[in-house]
Amino acid sequence: MTDFLADARDFLPILLSGLWVTIAITLCALLLSVILGLVWALAGTSRFALVRGTSRVIINTVRGIPILVQLFYIYFVLPQFGITLNAFLAGVAGLGLAYSVYQAENFRAGFASVDRSLIETAQSLGMSQRMIVRRLILPLALRVILPPFGNTSIMLLKDSSIASTITVAELTRQGQLLAVSTFKNMTVYTLVALLYLAMSLPLSLLTRRLERRFALR
Amino acid sequence: MIELSCLHKAFGQHKVLRGVTFSVARAEVVCLIGPSGSGKSTALRCINGLERFDRGAITVDGVALGDRTLTEIRGKVAMVFQRFNLFPHRNVLENVIEGPVYVQRVPRAEARERALGLLEKVGLRDRANAYPSMLSGGQQQRVAIARALAMQPQAILFDEPTSALDPELVGDVLRVIRALADEGMTMVVVTHEMAFAREVADRVLFMDGGVILESGPAREVLTRPQMERTRNFLERVIHPL
């Protein structure tokens, strides 16, 4: 146990540097996934069949390919087409794209949950389209979107470890490097696991609180 | 004050309105009756611009309904729906002040005062802080009426306001509507409540197959209908067995 604590003291600074990268890549990928997800979801409700169809194809394609393969493709294959991203950006792009399709489905479900007749009622009060979105559709859709969004965020946080395979120096990667150079597998991976928990548990709690706050009374 | 002339509307092949013409004078209460699918709700929804029509014209208070006058007309004509449609994420008071504060830019304090007065009028002032899900259907519909009144409209359209209510709650809502009639509010009411129509309506219009078949003073149409189809309809509504 004293060994563990002594080693932990040595390893933590390195692992913490990885932790920051994990947080950064997760937040950037989350933002990208939300933006792309909104685009897919809105395209899915377009009145043009071609736009709807394209959105469908993108969602099914991205959902059908493992995240690992998507990352490899962006990092190793795209440079051959003249698109070279550094490891961090490739990780953000890959994770953001992969997760955008789950976000899109979630957004679609959220917006679909808003009762048409409530929108009509708001119209009959003379509310403008913009005001209806802001005062009615968004608050109601968010109640449906938020709980799964919390889960998706936690999954993305954990899946950011996949970026270690394309040399992003995030938490898992730093752990791997430490483990091979010190052979202290148990200490290193226990710490890595604890650090992930330290991030995901608060996220779970936050999600639960948001859910309760937004629940319809 | 409300005039519909020769309104036509089709949903695809199905012609819902086939030349509907009627007018409603200020302070008049008109009940639209008729079998389901006869086009009465559609006609009502056209007045508020919730449904577009293919041909014909609607004017409210001298203003012709069109894309550019839609907001203006919605400010003059409020609507009460069959399923109440209260905003579930806002409490009773917030539901009532939503239109005045966010559409008409009435100061919040003033809107609140007025809203509480209206809630008093529909007998629900003590439920101002309740959420719609905590209210009975009849209470929700009365809040919806207060919400419509809060816009200070010149007329109110009711789309089967009691059809979604348990029978014992119908009376509370109808009493509120009758009180409005007594105050001289202009109203168009799509309803299946014949007793209410007979008592409160100045005029009853019987619609069937997308046209108005018969119209006249409430008592006359309801007790001495001229047309065969009106007689059949009333017979079935009054004696369902």
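FYI, it's all coordinate maths here, none of it is from the lab. For clarity, every value in this text was computed on a predicted model and none was experimentally measured. Here the Cβ is made from the backbone with ideal geometry for all residues, glycine too, and neighbour counts use every protein chain on show.
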Out of the stretch B:35-54, which residues are loosely packed, with under 13 Cβ neighbours inside 10 Å and in contact (Cβ under 8 Å) with a residue 12 or more places away in the chain? B:ARG52, B:ASP54
Candidate set: the stretch A:119-135, residues that are under 14 Å from B:ARG45 (Cβ atoms) and at the interface with chain B (Cβ under 7 Å from one of its Cβ atoms); chosen: the one farthest from the chain's Cα centre (by Cα): A:SER124
Go through the stretch B:29-73 and count every residue that is more than 13 Å from the chain's Cα centre (by Cα), outside any strand (DSSP E or B) and not aliphatic (A, V, I, L, M). 19
Listed by range, strands (runs of 3 or more DSSP E) wholly within the stretch B:139-241 having at least 2 residues that are more than 16 Å from the chain's Cα centre (by Cα) are B:211-217
I'm told B:GLU98 meets every condition in (1) assigned to a helix (DSSP H, G or I); (2) under 18 Å from B:GLN140 (Cα atoms); (3) more than 9 Å from chain A (Cβ to nearest Cβ); (4) of a type outside the set (Phe, Trp, Tyr) except one. Can you identify the failing condition by its number? (3)
Report yes if some residue within the stretch B:158-177 is crowded, with 20+ Cβ neighbours inside 10 Å and touching a His at 6+ places or on another chain (Cβ under 9 Å); otherwise report no. yes
Looking at the stretch A:97-118, can you tell me whether even one residue there is among the β-branched types (Val, Ile, Thr) and within 14 Å of chain B (Cβ to nearest Cβ)? yes
Kindly provide the set of residues from the stretch A:58-72 that are loosely packed, with under 14 Cβ neighbours inside 10 Å and within 19 Å of A:ALA93 (Cβ to Cβ), ordered by number. A:THR61, A:ARG63, A:GLY64, A:ILE65, A:PRO66, A:VAL69
Of all residues in the stretch A:35-57, how many are closer than 15 Å to A:ALA93 by Cβ and surrounded by fewer than 19 Cβ atoms within 10 Å (Cβ to Cβ)? 2
